[in-house]
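I have placed the structure first, in the form of structure tokens, so that the comments after it can refer back to it.
A short reminder: the numbers here are calculations on the coordinates, not readings from a lab. All values derive from a computational prediction rather than experimental measurement. Methodologically, a virtual Cβ is constructed for each residue, glycine included, from the backbone with ideal geometry; neighbour enumeration extends over all protein chains shown.
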Amino acid sequence: MYLDQDAARSIAGLWMLAARSPRSLIHLPMRANHPPAREVPDNVSFQLDLVLLHHSLQFAPSRWKQVRGRLGPGRPQTVSLPEAEHDDVAVADYAARHYRENRDLFHQHLHAETLFMTGSTKVFRETARHFLDVARKGPGYIPVHPSYPHFCTELHSNDGILGDAREIHIEYCDQWNS
């Protein structure tokens, strides 16, 4: 996932909204966005939309194409998530993540050019910090490290948060193709 500062902040806020609003399905239509100006790895061959949802919704991704087809233009709404602006978004119990009984995991489904990230309130809250790190540290890192302008973080398999989900690499990018 390639993000500039504003997009990283927005996604952090939406990640927190997914944590706070377990009855919401959050759709980010991203597949039509412009790609980064620099080359991307060969294994990044297509763009996807993103849907964030709480596992208790039990939404079937196979229904997404029908639901998306019925969506209208929507209406802008403002949501206040003050903790999305602080460093202590959530205090993670890293040891508990690796217990067999851990149910706070992300699951992914890919359907109709959309990646579904399904998880618990806890896992959304604990992982929002990845996007905040990119928003805060990425813009300052790139000018200071011109020989290696790569600031990133990831939802990693060793973090104990990925059930049947694949790792997600989140990278700061400040230049985009138009």
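General observations
- Other-chain or far-sequence residues with amide H under 5 Å of Glu154's (modelled H): Ile170
- From most to least packed by mean Cβ count within 10 Å, the peptides 132-141, 146-155 give 132-141, 146-155.
- On full extension, the segment bounded by Glu154 and Arg23 gains 44.5 nm, given 0.36 nm per residue less the C-alpha separation.
- Rg over Rh [alpha-carbon atoms, Kirkwood Rh] for segment 21-77: 1.04
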